[in-house]
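Student: Take a look at the following structure, please.
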Amino acid sequence: MLRYILNTLIIGVLSINSLTAVNVEVLMVDANKNYSDGKFDDAVKAYESIVKQGYKSDILFYNLGNAYYKTKNISAAILNYERALLLNPSDENIRFNLDLAKTFTVDRIEPLPEFFLVSFFNKFRLLMSTNGWAYTGLFFFIVSLVLAYFFWFTNNPIIKRISFSGGIFTILIALLSFTFSFQQKDSIVNHHYGILMPSVVAVKSSPSDSGKDLFVLHAGTKVKIIDSVGDWYEIHIADGNIGWILKETMERI
């Protein structure tokens, strides 16, 4: 009896997932057709309905960003390009469209200089997605096991030296790849960045309407969340400035 109930539950869950997948596919086809036909507002609604179902992919966010761009909603376009880039940081099309959309924003923020090694590793880490780095790490780990086999089970000193050196190298590459994979995953799950949506946002000195206006930012600007108090976020922008904004003025990436 218990086995029957479990099987029924499993079949029910699989059926729901199958129906959801079919529904998403139908909505995606409909959204793409609206976009191709120049019905960009309808395309936005269709893509957003997919997002509301909890479905996430770089292609979905990229298409949604394109649709918002066509409706001249630049801040929403930037938001979705950023979401797409977060899932697929190596995609040049996403990055190009994001940079293009940013040219229509008001704020021109010069980021603080970064230590060149930190900058190099950050850019290098973005060459692949979290899955890409995970697969790379797995590949080099398997290679290291093969080299370990040759090291332990051969009497040839040359092969021993080569397999030992190669094994150390491949282990280091595997560890670095797994580290990058974890960092990429963490940046997706625990992302602390957002995009400002209103045309003008006053940044306050404290989390209160009575706080002093420090400076203003505009729609489409990317900010980092460093603290949260009630209805307020403390934010940090790339040039080092810090202040408080209402949560309702920002959409998290």
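The values are calculated or read from the model by the stated rules, or taken from the named source; none is laboratory data. On a predicted model such as this, the values are computed, not experimentally measured, just so you know. We place every Cβ from the backbone using ideal geometry, glycine too, and count neighbours over all the protein chains shown.
Student: If the requirement is being at pLDDT below 90, in a helix (DSSP H, G or I) and at negative phi, which of these qualifies: Ser177, Ser187?
Tutor: Values: Ser177 fails: at pLDDT below 90.
Selected residue: Ser187, the only one of Ser177, Ser187 that is at pLDDT below 90, in a helix (DSSP H, G or I) and at negative phi.
Student: Looking at (1) modelled with pLDDT of 95 or more; (2) touching a Ser or Thr at 6+ places or on another chain (Cβ under 6 Å), can you tell me which one Gly194 breaks?
Tutor: Evaluating Gly194 over (1) modelled with pLDDT of 95 or more; (2) touching a Ser or Thr at 6+ places or on another chain (Cβ under 6 Å) leaves (2) as the failure.
Student: Can you find a residue in the range 45-63 that is in a helix (DSSP H, G or I), polar (S, T, N, Q) and modelled with pLDDT of 95 or more?
Tutor: Of the residues in the range 45-63, the ones in a helix (DSSP H, G or I) are 45-52, 58-63.
Within this subset, residues satisfying the condition of being polar (S, T, N, Q) are 49, 63.
Next, from what is left, pick out any that are modelled with pLDDT of 95 or more: 63.
Yes.
One line per residue, one yes/no per condition, for (1) within 26 Å of the chain's Cα centre (by Cα); (2) within 15 Å of Glu251 (Cα to Cα):
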| site | (1), (2) |
| --- | --- |
| Phe150 | no, no |
| Asn156 | no, no |
| Gly166 | no, no |
| Leu176 | yes, no |
| Val201 | yes, yes |
| Ser208 | no, no |
| Val223 | yes, yes |
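Student: Which residue out of Phe169, Phe164, Phe180, Phe153 is hydrophobic (A, V, I, L, M, F, W, C) and either under 30 Å from Phe215 (Cβ atoms) or in contact (Cβ under 8 Å) with a residue 24 or more places away in the chain (or both)? Show your work before the answer.
Tutor: On the way: Phe169 fails: either under 30 Å from Phe215 (Cβ atoms) or in contact (Cβ under 8 Å) with a residue 24 or more places away in the chain (or both); Phe164 fails: either under 30 Å from Phe215 (Cβ atoms) or in contact (Cβ under 8 Å) with a residue 24 or more places away in the chain (or both); Phe153 fails: either under 30 Å from Phe215 (Cβ atoms) or in contact (Cβ under 8 Å) with a residue 24 or more places away in the chain (or both).
Matching residue, one of Phe169, Phe164, Phe180, Phe153: Phe180.
Student: Further, regarding this structure: Give me the residue from the range 68-119 that is in contact with a strand residue (DSSP E or B) (Cβ under 6 Å, 6 or more places away or on another chain) and assigned to a loop (DSSP other than H, G, I, E, B) and, out of that set, surrounded by the most Cβ atoms within 10 Å (Cβ to Cβ).
Tutor: Out of the qualifying residues, it is Asp107.
Student: If you don't mind, there's one more thing I want to ask. Which numbered condition trips up Leu100, out of (1) without any contact (Cβ under 8 Å) to a residue 40 or more places away in the chain; (2) touching a helix residue (DSSP H, G or I) at 6+ places or on another chain (Cβ under 7 Å); (3) not polar (S, T, N, Q)?
Tutor: That leaves (2) as the condition not met.
Student: Considering each residue of the range 215-237, count those that are of a type in the set (A, V, I, L, M), closer than 26 Å to Ala76 by Cβ and surrounded by fewer than 21 Cβ atoms within 10 Å (Cβ to Cβ), and give that number.
Tutor: Taking the range 215-237 as the starting set, the residues that turn out to be of a type in the set (A, V, I, L, M) are 216-217, 219, 223, 225-226, 229, 235, 237.
With closer than 26 Å to Ala76 by Cβ added as a condition, the list becomes 216-217, 219, 223, 225-226, 235, 237.
Filter once more, so that each one left must be surrounded by fewer than 21 Cβ atoms within 10 Å (Cβ to Cβ): 216, 225-226, 237.
So the answer is 4.
Student: Here's a follow-up. Do we have any residue at all in the range 83-93 that's outside the structural domain of Phe169 (by TED's automatic domain parsing) and closer than 15 Å to Thr221 by Cα?
Tutor: Our first condition is that a residue be outside the structural domain of Phe169 (by TED's automatic domain parsing); within the range 83-93, this holds for 83-93.
Adding the requirement that they be closer than 15 Å to Thr221 by Cα leaves 83.
Checked the range 83-93: at least one residue is outside the structural domain of Phe169 (by TED's automatic domain parsing) and closer than 15 Å to Thr221 by Cα.
Student: Can I ask one more? It is to be established whether one or more residues within the range 147-167 are among the polar types (S, T, N, Q), in a helix (DSSP H, G or I), outside the structural domain of Ala76 (by TED's automatic domain parsing) and surrounded by 14 or more Cβ atoms within 10 Å (Cβ to Cβ). Walk me through it before giving the result.
Tutor: From the range 147-167, those among the polar types (S, T, N, Q) are 154-156, 163, 165; that's our starting set.
Checking which are in a helix (DSSP H, G or I) leaves us with 163, 165.
Going one step further and asking which of them are outside the structural domain of Ala76 (by TED's automatic domain parsing), we end up with 163, 165.
Remaining after also requiring surrounded by 14 or more Cβ atoms within 10 Å (Cβ to Cβ): 163.
Yes, that holds for at least one residue.
Student: Can you tell me which residue in the range 120-140 is surrounded by the most Cβ atoms within 10 Å (Cβ to Cβ), limited to those that are in contact with a Ser or Thr (Cβ under 6 Å, 6 or more places away or on another chain) and part of a helix (DSSP H, G or I)?
Tutor: Within the range 120-140, the match that is surrounded by the most Cβ atoms within 10 Å (Cβ to Cβ) is Trp133.
Student: May I pose another question? What are the residues in the range 203-213 that are modelled with pLDDT under 95 and surrounded by 15 or more Cβ atoms within 10 Å (Cβ to Cβ), if any?
Tutor: Result: Gly211, single match.
Student: Determine, yes or no, whether Gly220 is on the phi > 0 side of the Ramachandran plot and at pLDDT 95 or above.
Tutor: On the way: on the phi > 0 side of the Ramachandran plot: yes; at pLDDT 95 or above: yes.
Judged against the criteria, Gly220 is a match.
Student: Also, quick follow-up: Sort through Val143, Val200 and tell me the only one that's surrounded by 14 or more Cβ atoms within 10 Å (Cβ to Cβ) and modelled with pLDDT of 95 or more. Give the steps one after another, and end with the answer.
Tutor: On the way: Val200 fails: surrounded by 14 or more Cβ atoms within 10 Å (Cβ to Cβ).
Exactly one residue qualifies, and that residue is Val143.
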